[in-house]
Every structure is written in structure tokens, then in C-alpha cells.
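Where a number appears in this text, it was derived from the coordinates with a stated rule and is not lab data. This structure is a prediction, so every number in the text was calculated from the model and none was measured. All Cβ positions, even for glycine, are placed from backbone atoms using ideal geometry, and neighbour counts span all protein chains on display.
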Amino acid sequence: MTAAPPPSLPVDLDGFERSAATSLDPATYRYLANGSGANVTRDANRSAWDRWMLHPHVLRDVSHVSTATTVLGAPVDLPVLVAPTAMQRMAWIDGELAMARAGAAARTVLVTSMAASYSVEDVAAAAPEGTRWAQMYLLRDAGRTRRLAERAREAGYAAIVLTVDGAAVPYGRRRLADGLQLPRPFSFPNMLLPGEPVDTPLTDLVDDFDPGVTAADVERLAEWSGLPVVVKGVLRGDDAARAVDHGAAGIVVSNHGGRTHDGCVATAIALPGVVDAVAGRAEVYVDGGIRAGIDVARALALGARAVLVGRPTLWGLAVDGTPGVVAVLTALREELVRVMAFCGASAPDALTRDLVDAAGNPEPPA
Ligand SMILES: Cc1cc2nc3c(=O)[nH]c(=O)nc-3n(C[C@H](O)[C@H](O)[C@H](O)COP(=O)(O)O)c2cc1C
């Protein structure tokens, strides 16, 4: 993208959230918005990005600024990917189909949840030109996971995202929001085997999450699918290194938007340790609390190849379907362009580690 006059509107993803909060019923909004426990981790994810203060370069030619990059070799127009979020029909009538069209229109990667309300095949057909990755959990019934990995490959998905922060789910889930009503009929076509009732409740399916998942499963999934495997839900360098030792092509530093267990480290704090441990052997991505272009710039400067955004894409979807999500992604890209120009960075690769430092923060978090 060529530098253009500054857009007149500020990035305000909070405005999308406020609009979504009024258009969704209160229980649905709470389900989408909340983390687990007292929301300590969800909120820390957001505030921790502010720890990283910019040390911008000047006297660098920023007549042209491009946010284009690649992820696992696929070109994207911006280093912001659509995070997998379950049951998008709760936010919009044709949920994942509308989200897929938005990902393709914005020319970025769409990550489809295993717990999507539409099948991987239907999502692919909705935007065949888009780049898609399929997110999945390892289930105790490994045949179910294997079948989905094969279906994803057949439907043209370019990678498998193995979410590994669900291992504790069988030990007790967080409660769904009080009064939450799922649209009917509601099914989870990616989690079912042929012949199973389409209305099998999600709670039965997630009880099958495998608490025995280990780094060796990365190899199993790669073998089943023939696709690169990205491991999502990593917060420590040693775990990331182990996943890469077992063939992970990418790592997503993530605490599931603070939804799995409250009290986890914020992803902005965990990211540098993971980047150091991976040491360029795989791509590192990060999600959690990214709400503005400056957060994207901070993440890239800390070594992320790209970021994922979860709730903001749901707010865009709830407000206006495909155009709403495109507006959210466009707002992030436009602010990223401004921040890059301010930092003297004409391309994502020029967002380097020296551009951010916690020491300049007037009140660094403990
Ligand atoms: C409503 C909701 C549903 C989610 N469902 C999934 C899921 O099915 N699989 C998964 O790996 N992550 C899931 N996530 C986590 C997101 O992929 C992502 O890690 C998180 O939302 C990032 O934080 P953010 O919402 O602050 O951007 C979900 C998040 C939300 C908010």
C-alpha cells in the first residue's frame, strides 16, 4: 500500500464492541466478551501491550508503506489474521460463511474453528479464493480428529492449527453465560462423524478433548493431514521449542483470550521469551487483547510474524456481517500504516526489536 493522506476516522474497535453489545442479546454478548474467572487475564492481555513503548526511527524514507507480508509462505495484505472462534452463528445469521468472505476480501488468513457452526467444506466454498487454516483440538477419539484433518486438506485448507490449551477442559469447564440460547437448529458439523445426530450438544463433544495431548501429536497431525501444523495456546519458550522440535511450522502465543484459565500471563509479556526460544526455526504469531494498529506494530517488533484477532472480528460480524469484519480489519491496517510510517518502517520486516522497550514506560507493570 502507498502512503495516503491520514484517514479521517481514528481506529476505534471499542466502538464496534459497543455496537455489537447493543445488537446482540445480553447473554450472547457476555458469552463472546467474557474470559474465565474475574477476567484478570482477558484484561491483562489488553493492558500489557501498553507496556511496550515505541522508540521510533526518523530520517527514514516512508514515502511508501506496505503492510503486506507472508505467513507460512502465503501472501497476505496485512499481518492480522482472523482467529478461530466457535459458533459464529451466534453473532451473525450465516456466521462462518460471512467471516470467510471477509477474510478473503481483506486478503488475509481465516482460521476456522473446529467448533464452527458450518462445515470446513461449506466455509471453503463460501470464499474459495481465500487462504484458510483449520483449527482443531485433539480428541480422545483420535479418529474424529484424523477425519477432520483429512477433510480440511481435501477442502483446500493450507495448515492445521492445533490448539493445545484445551487439555484441562475435561477437568472442568468454565460455565457458559447464564441464559445463553443457541440459535436452532445448531450443530457442529466438524466435530461429528457420519451418522451422529446433528444436534449433539457441544458439552458432550468437548468432554472428549484429550488431556493426553503432547508435542508428539504435532507429528501425528502433520502425518494425517500432510499440512504444516501451527500450535496454538503456548505461553512458554520451552514448550514452544519442544513443539518446534516435533515439527511445528508455527506457534501461536495465546491464552485463548483469557477464556481457559484466569491468572495466566498476558501474551504481550510471554511473546519475547517464545520468540527467543524458537530462534527463527518456525513462525511465531500472537493473539490476545490486540485492539489497535499500534498493538500489531508492537507484536511484530517483538518478533511476531503476524497477530490474530478474535473478539474484534466477532464484533464486526455482529454489527454488519462481512462488511463489518472488513471494516475492523481495514481499521487495523490503516492504523498500522500510520504507526509504521511514524516508526520509519516501510514494510513489516522493518519493525525490529529496537523499536520497543519496556524501560521507557513511566510505570512498568510488575
Ligand atoms: C467466543 C470465542 C470463541 C473462541 N473459540 C475458539 C475455538 O473454537 N478455538 C480456538 O482455538 N480458540 C478459540 N477462541 C480463542 C481465539 O482464537 C483467540 O485466541 C482469542 O480470542 C484472542 O483474544 P482476543 O479475543 O482478545 O483477540 C475463542 C475466543 C472467543 C472470544
Extension gain, Ala27 back to His55 (0.36 nm per residue minus Cα-Cα distance, nm): 5.9 nm
Can you tell me the relative contact order of the chain? Whole percent, Cα pairs under 8 Å, sequence separation 6 or more. 27
Amide N proximity, the range 23-50 versus Leu180 label position 7 Å along Cα-to-Cβ, cut-off under 19 Å: 23-43
Quote the charge dipole size of the chain about the Cα centre in Debye, to the nearest 20; the model charges only the Cβ of Lys and Arg (+1) and of Asp and Glu (-1). 120
Which length gain, in nm to one decimal place, applies between Arg353 and Asp141 when the Cα-Cα distance is subtracted from 0.36 nm times their residue separation? 72.0 nm
Please report the antiparallel percentage of the DSSP beta bridges confined to the chain, to the nearest 5. 20
If you take the beta carbon distance between Ala168 and Arg236 as r and set R0 to 22 Å, what does 1/(1 + (r/R0)^6) give as a FRET efficiency, to the nearest 0.05? 0.90
Using a Förster radius of 35 Å, what is the FRET efficiency between Ile93 and Asp43 based on their Cβ-Cβ separation? Nearest 0.05, please. 0.70
From the residues Val62, Leu81, Leu271, which one has its Cα farthest along the dipole of the range 13-357 in the positive direction, the dipole being from +1 and -1 charges on Cβ of Lys/Arg and Asp/Glu about the Cα centre? Val62
For the ranges 100-112, 35-47, what's the packing order if you count other beta-carbon atoms within 10 Å of each residue, average per peptide, and put the highest first? 100-112, 35-47
For the chain, list the DSSP H helices whose alpha carbon atoms reach 24 Å or more along the long axis and whose average Kyte-Doolittle value is 0.0 or above? 311-343
Using the Cα centre of the chain as origin and beta-carbon charges of +1 (Lys, Arg) and -1 (Asp, Glu), tell me which of Leu317, Gly212, Val123 is placed farthest towards the positive end of the dipole. Leu317
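Length gain on complete extension for the stretch Asp14 to Leu193, per 0.36 nm per residue less the alpha carbon to alpha carbon distance?
60.5 nm
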